[in-house]
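Taking it in order: structure first as structure tokens, then the write-up.
The values are calculated or read from the model by the stated rules, or taken from the named source; none is laboratory data. A quick note: this is a predicted structure, and the numbers were derived from the prediction, not measured. Cβ placement follows ideal geometry from the backbone for every residue including glycine, while neighbour counts extend to all protein chains displayed. Remember, those area values only see protein heavy atoms, side chains included, never the ligands or the DNA or RNA. Shrake-Rupley method; radii C 1.70, N 1.55, O 1.52, S 1.80 Å.
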Amino acid sequence: MNFELSEEQKMIRQAARDFAQTELKPGVIERDEHQKFPTEQIKMLAELGFLGMMVSTEYGGSGLDTISYVLAIEEIAKVDASAAVILSVNNSLVCYGIEKYGNEEQKQKYLVPLATGEKLGAFCLSEPEAGSDATSQHTTAVDMGDYYLLNGVKNWITNGNSASTYLVMAQTDASKRHHGINVLIVEKGMEGFTVGPKENKMGIRSSDTHSLMFNDVKVPKQNRIGDDGFGFKFAMNTLDGGRIGIAAQALGIASGAFELSTQYAKTRKAFGKTIADLQATQFKLADMATQIEAARLLCYKAAWLKDNHQPYVEASAMAKLFASEVAMQTTIEAVQIHGGYGYVKEYHVERMMRDAKITQIYEGTSEIQRIVISREVLK
Ligand code: CAA
């Protein structure tokens, strides 16, 4: 077993680390406060090839492996979890989905601008009454011959307004349950498609989350990915990889909070010594470090399995479940170590605690991950 990263992987990690420190850190508190989308930073990340990291170079991507992707997302999320989810959705849900299951025409038309970052993508599965229960899609795509008539509402869509290309899951034949669901590529500007107001969120506030409304949108048949009825399988298979991205985001939030906590503990004095000299702090840091390392290994394993074309459904769910719980626990402890300073914005950890919470909810809640894992182990 080889735990050593390749030179290329180390280089990617360093590039992401440098970018996060120089370009993301300076405005991160302000963007969080004002829910400001990191437009300039995403543009720069696109130029560096971070928007289509795993897409083959043939389609404008960087042609990297999933481990490199995990390393990059971790480094970005250490500093700015919002930027990390913007990248994660574009890379592992939208680009991956089109590259893996789209046809050549769809790849040329939609994947290339998404991989180069000229355009941003969104993944639209959740609905007001279908979050965890994703098979209960109410959005309909009625087959009209050469187009689908799309009607319905999608909720909590990451990149909801900043995206131009939307992968929308919709029910075509309810009698077939999830086998009657299709996935359609919808473009911003199609008649009848409107973006709802921005959600005012607890965390990841500088990523834009919106509801989307579809009112008699005519989506050409050639925008359907895969065969008729493939949409739910598409969503599930794509989410299996997406969950590795969110696990890496959670890992980044945890390791960012841990780094700040160790630095703080070494400088903050109390009772005549630094708080790092107190066993109460040392034990917290030891637990945080151990949990973070375990989360990292689960992320790497899931990524490695994906890269090596081995089943990764269970591994990605485990990575997401564990890393998101670690992100929550670690950030709570990070605030505790910082004491009163941890409760104010300048010290970053209160934001990280707010950001961590969503990793236990989106791309499948912790409860859904437990369903996925238990089904795999009981097979
Ligand atoms: N990978 C591949 N296929 C899977 C799968 C997985 N992880 N989980 C389920 N499936 C398949 C099943 O094999 C089944 O297919 P067949 O009928 O062909 O065998 C099909 O999906 C339906 O599964 P079930 O019959 O088990 O259906 P269920 O309703 O009992 O359970 C579920 C399905 C696992 C709970 C599913 O609804 C689910 O994953 N829910 C969570 C949805 C989710 O993650 N939403 C996130 C929204 S996207 C997002 O957050 C993006 C963002 O912007 C950040």
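A few comments on the model shown:
- One Cα centroid belongs to the range 2-64, the other to the range 136-153; the line between them spans 36 Å.
- Per residue value of the accessible surface for the chain (all protein chains in place, 1.4 Å probe), Å²: 43
- In summary, the convex hull built on the alpha carbon positions of the range 250-316 has an orientation-averaged projected area of 4.9 nm².
- Diffusion coefficient (Stokes-Einstein, Kirkwood radius over C-alpha pairs, 4 °C, 1.567 mPa s) for the range 229-280: 92 µm²/s, rounded to a whole number.
- List 187, 118, 40, ordered by accessible area with a 1.4 Å probe, largest first: 118, 40, 187
- Scaled against 2.2 N^0.38 Å for its residue count N, the alpha carbon radius of gyration of the range 1-43 is 1.58.
- Projected over every direction and averaged, the convex hull enclosing the alpha-carbon atoms of the range 172-268 yields 9.3 nm².
- The figure for residue 133 is an accessible area of roughly 90 square angstrom, using a 1.4 Å probe on the protein chains alone.
- Cα gyration tensor, the range 118-181 - rounded (a/c under 1.5), prolate or oblate: oblate
- Simple spin-label estimate for residue 138 and residue 367 gives 1.9 nm between the two label positions (7 Å along the Cα-to-Cβ direction from each Cα).
- Among 179, 210, 34, the largest mean-square fluctuation in a Gaussian network model of the chain (Cα springs under 10 Å) belongs to 34.
- Protein accessible area in the chain, 1.4 Å probe - carbon and sulfur %: 53
- For q = 0.08 Å⁻¹, Debye-computed log10 I/I(0) when each Cα of the chain counts as one equal scatterer: -0.39
- Dimensionless Rg ratio for the range 221-377, taking C-alpha atoms and the 2.2 N^0.38 Å reference: 1.25
- Packing here is the average count of other Cβ atoms within 10 Å per residue, and on that basis the peptides 90-103, 271-284, highest first, run 90-103, 271-284.
- The chain, relative contact order [Cα under 8 Å, separation at least 6], %: 17
- Rg/Rh for the range 93-210, where both radii come from Cα atoms and Rh is the Kirkwood radius: 0.96
- For the chain, the membrane-span-like helix rule (DSSP H, alpha carbon extent of at least 15 Å along the helix axis, mean Kyte-Doolittle at least -0.5) picks out 66-79, 231-267, 279-307, 313-338, 366-377; this says nothing about an actual membrane.
- Kirkwood Rh in Å, taken over the range 1-132 so that all alpha-carbon pairs contribute: 15.4
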